[in-house]
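Please read the structure below before turning to the comments.
The values are calculated or read from the model by the stated rules, or taken from the named source; none is laboratory data. Predicted model, so just to flag it, every value in this text is computed and none were measured. With ideal geometry, Cβ positions are generated from the backbone for all residues, glycine too; neighbour counts draw on all protein chains shown. All accessible areas refer to the heavy atoms of the entire protein, side chains included, with ligands and DNA or RNA removed. Shrake-Rupley method; radii C 1.70, N 1.55, O 1.52, S 1.80 Å.
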Amino acid sequence: MPFTFTKLEIPDVVLIEPKVFEDERGFFMETYKESEFFKFGIRKKFIQENHSKSKKGVLRGLHYQKPPKAQAKIVRCILGEIFDVAVDIRRNSSTFGKWVGEVLSAENKKQLYIPEGFAHGFCVLSREAEIVYKCNREYSPENERGIAWNDPVINIKWPVKRPIVSKKDSKWGIINELRI
């Protein structure tokens, strides 16, 4: 099997570790294979891919799209290292308001599957980082929403002291004010 799938503390969020074939020339790995993901139960059709570059200390998020344009994502870091976070925003979920985080890096090649109903954010730990992520729905500006990165109810333990946050991300409300 070219992937190891591990359910995290919030079991709908999945850590994906690809099998990497390395030799003196470099490496090869599959980053996505529909049949393997389907076997594990990730049955989304991914239709958009995004690429983001950020410098050390940048924190992006927490972003989500509201239904009917909610997005599932597969996130991977292709340069540097990030701390990637998923927050459960499904009101009827037993893990509503809880978060999980994983270090994703070009070195460890891990990926994070984040289903619909979760807000997503990350901060850059290395000098710079690039991430690539697949989405099962196209970006929809009118359905874009967010939650404050420093929401005291969620209480994410970000590994950066003074993050660099966009004006837009600094204006999001807290989870208790969520309008989905």
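Inside region 62-88, can you point out the residues that are open to solvent by 10 Å² or more (accessible area, probe 1.4 Å), of a type outside the set (Gly, Ala, Ser) and in contact with a strand residue (DSSP E or B) (Cβ under 7 Å, 6 or more places away or on another chain)? Write out each step before concluding.
The first filter runs over region 62-88 and keeps only residues open to solvent by 10 Å² or more (accessible area, probe 1.4 Å), leaving 63-71, 73, 76, 78-81, 83.
Still in the running and of a type outside the set (Gly, Ala, Ser): 63-69, 71, 73, 76, 78-79, 81, 83.
Correct list: His63, Tyr64, Gln65, Lys66, Gln71, Lys73, Arg76, Ile78, Leu79, Glu81, Phe83.
Being assigned to a strand (DSSP E or B), within 20 Å of Ala148 (Cα to Cα) and not aliphatic (A, V, I, L, M): is that true of Phe28 here?
Numbers: assigned to a strand (DSSP E or B): yes; within 20 Å of Ala148 (Cα to Cα): no; not aliphatic (A, V, I, L, M): yes.
Judged against the criteria, Phe28 is not a match.
State which residue pairs qualify: first residue closer than 20 Å to Gly80 by Cβ and inside region 104-117, second residue open to solvent by 10 Å² or more (accessible area, probe 1.4 Å) and part of a loop (DSSP other than H, G, I, E, B) in any location, beta carbons under 6 Å apart, and separation of 6 or more residues or different chains.
Pairs found: Leu104/Lys110.
As an exercise: evaluate Ala119 against (1) open to solvent by less than 40 Å² (accessible area, probe 1.4 Å); (2) farther than 28 Å from Lys157 by Cβ; (3) within 14 Å of the chain's Cα centre (by Cα) and give the number of the one condition it does not meet.
That leaves (2) as the condition not met.
Of the residues that sit in region 35-61 and are over 19 Å from Asn150 (Cα atoms) and part of a loop (DSSP other than H, G, I, E, B), which one is least open to solvent (accessible area, probe 1.4 Å)?
Once the filter is applied, the top-ranked residue is Ile42.
Among (1) within 19 Å of Asp88 (Cβ to Cβ); (2) open to solvent by 10 Å² or more (accessible area, probe 1.4 Å), where does Cys135 come up short?
(2)
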